[in-house]
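*Asks:* Take a look at the following structure, please.
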Amino acid sequence: MTCAGPLHGYRIVEFAGKGPGPLCGMLLGDMGAEVIRIERPVERTGGRQSDEALDIVHRNRRSVVLDLRQPQARIAALRIAAAADGLIEGFRPGVMERLGLGPEACLSANPRLVYGRVTGWGQTGPLAARAGHDINYLGLTGALHAIGPRGGAPVPPLNLIADYGGGAMYLAFGLVCGLLEAKTSGKGQVIDAAMTDAVSSLMTPIHGLHNAGLWQDKRGVNLLDGGASFYGVYETRDGGHMAVGPIEPAFFVEFIQRLGLPEDEFAERMNPANWPAHRILIQAAFRQKTRAEWEGVFEGSDACVTPVLSLSEAPQHPHNQARGTFAEVNGVVQPAIAPRFSRTPGGVRSAPPQTGVDGRAVLEEVGFAPGEIDELLESD
């Protein structure tokens, strides 16, 4: 299926990196943008982390290999940027400037360019030049402190929040905003997407609750952090788990009825003082049946109870299959395009490319002669 996508006609140049940059490139590519990924020679990177055909985050790309240590390769990269609408880079502050590919050079070559930079700490500030990872950015923003069990240590939520929810999503949002503005003004600009800024932004509703006195600055004692007995995960008889979230009164009544517990035991369920005792009752009930049995009990209900599926189970769930939440591309199962557009849907137009496979074509498009291309490709 060939889908143009809402970003069809936009060209993005992505300087290969790790974490949020590649996912941002995938998101834009999924929505129809032409994404040209400039990669370093394999001997400098040790190759990609996995087989290229399975490295699904690099789908919907064109791949060019340039050794940016070489002056001619830097000129080529600048020409590619000059022909682009947007740019993605995720290096430490100053790296692109030292390569002669920083915002000043690129915007001079292409005044309409939206230059997207994603880092953990941002382009400025005392920590800007320091190394870090998702867990560090969560730690500094208060988010990590808020995640984990009561009486236990903070729990890293994979690297979903800072790297992907904060870095990739906010960079994609910033780039699209910049592209829209550039259509009106004719001018590009620099997007400074710092994961610490983005995570703090994502925490805005929690800060609001805390400011209002409705959220304790502790783990596992609040409505949405596993503290509430009716919002959490419960183990089943066979070692599986069920996700439980009937917050609203009507949903909770149905939950208790299907669980087979007396409603009068939960008369003051919103009082946090009662949550530990209520949790014991609910846990004891869930341990009476297997996960599959509980799935049958709650089938078709509004009790807000679902199984906790593994990565391999999720694509097989009937709802995910009906929605096409996962897709199979060249035999590789992977998450499908999100979100969905009624008129201009995105799509997986191409599987992850072999490294450098589009180099000659891209260099021709930006005006290099055949002999120059041969020299550039040989130097890589």
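*Asks:* Can you find a residue that is surrounded by fewer than 15 Cβ atoms within 10 Å (Cβ to Cβ), farther than 19 Å from Arg92 by Cα and in contact with an Asp or Glu (Cβ under 9 Å, 6 or more places away or on another chain) anywhere in region 157-172?
*Replies:* Yes, region 157-172 contains a residue that is surrounded by fewer than 15 Cβ atoms within 10 Å (Cβ to Cβ), farther than 19 Å from Arg92 by Cα and in contact with an Asp or Glu (Cβ under 9 Å, 6 or more places away or on another chain).
For every residue, the table says whether it meets (1) buried (at least 21 other Cβ atoms within 10 Å of the Cβ); (2) within 18 Å of the chain's Cα centre (by Cα).
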{"position": "His58", "(1), (2)": "yes, yes"}
{"position": "Gly94", "(1), (2)": "no, no"}
{"position": "Cys106", "(1), (2)": "yes, no"}
{"position": "Val114", "(1), (2)": "yes, no"}
{"position": "Thr119", "(1), (2)": "yes, yes"}
{"position": "Ala129", "(1), (2)": "no, no"}
{"position": "Asp134", "(1), (2)": "yes, yes"}
{"position": "Ala143", "(1), (2)": "yes, yes"}
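*Asks:* Would you say Arg62 is charged (D, E, K, R) and modelled with pLDDT under 95?
*Replies:* Considered against the rule, which asks whether it is charged (D, E, K, R) and modelled with pLDDT under 95, Arg62 comes out as no.
*Asks:* I need the strands (runs of 3 or more DSSP E) fully contained in region 168-276, keeping only those with at least 2 residues that are over 28 Å from Gly148 (Cα atoms) and acidic (Asp, Glu).
*Replies:* Where strands (runs of 3 or more DSSP E) fall fully within region 168-276, none carries at least 2 residues being over 28 Å from Gly148 (Cα atoms) and acidic (Asp, Glu).
*Asks:* What are the residues in region 81-99 that are within 19 Å of Val362 (Cβ to Cβ) and part of a loop (DSSP other than H, G, I, E, B), if any?
*Replies:* Of everything in region 81-99, those that are within 19 Å of Val362 (Cβ to Cβ) and part of a loop (DSSP other than H, G, I, E, B) turn out to be Ala83, Ala84, Asp85, Leu99.
*Asks:* State yes or no: is Val253 at pLDDT 95 or above and under 34 Å from the mean Cα position of the chain (by Cα)?
*Replies:* So Val253 fails the test.
*Asks:* Something else now. Look through region 28-59, keep the residues that are at pLDDT 95 or above and small (Gly, Ala, Ser), and return whichever of them is farthest from Val332 (Cα to Cα).
*Replies:* Ala33
*Asks:* Conditions: (1) under 30 Å from Gln72 (Cβ atoms); (2) more than 19 Å from the chain's Cα centre (by Cα). Lys183 meets all but one. Number of the miss?
*Replies:* (1)
*Asks:* Can I ask one more? Give the residue that is farthest from Met195 (Cα to Cα), with candidates limited to residues of region 145-167 that are under 15 Å from the mean Cα position of the chain (by Cα) and part of a helix (DSSP H, G or I).
*Replies:* Leu160
*Asks:* Among (1) closer than 30 Å to Gly102 by Cα; (2) basic (Lys, Arg); (3) crowded, with 16+ Cβ neighbours inside 10 Å, there is one condition Lys183 misses while meeting the rest; what is its number?
*Replies:* (3)
*Asks:* Of all the residues that make up region 187-241, how many are free of Cβ contacts under 8 Å to residues at least 12 places away in the same chain, surrounded by 14 or more Cβ atoms within 10 Å (Cβ to Cβ) and more than 27 Å from the chain's Cα centre (by Cα)?
*Replies:* So the answer is 1.
*Asks:* Which condition from (1) touching a Pro at 6+ places or on another chain (Cβ under 8 Å); (2) of a type in the set (Lys, Arg); (3) assigned to a helix (DSSP H, G or I) is the one that Arg279 breaks?
*Replies:* (1)
*Asks:* Look at Leu107 and say whether it is in contact (Cβ under 8 Å) with a residue 40 or more places away in the chain and either in contact with a strand residue (DSSP E or B) (Cβ under 9 Å, 6 or more places away or on another chain) or among the polar types (S, T, N, Q) (or both).
*Replies:* Taking the combined requirement at face value, the residue satisfies it.
*Asks:* Another question about this same structure. Restricting to region 21-43, name every residue that is in contact with a Leu (Cβ under 6 Å, 6 or more places away or on another chain) and either of a type outside the set (A, V, I, L, M, F, W, C) or surrounded by fewer than 22 Cβ atoms within 10 Å (Cβ to Cβ) (or both).
*Replies:* Gly32
The values are calculated or read from the model by the stated rules, or taken from the named source; none is laboratory data. Treat the numbers as computed from the prediction; the structure is a model and nothing was measured. Please note: Cβ atoms are built from the backbone with ideal geometry, for glycine as well, and neighbour counts cover all protein chains shown.
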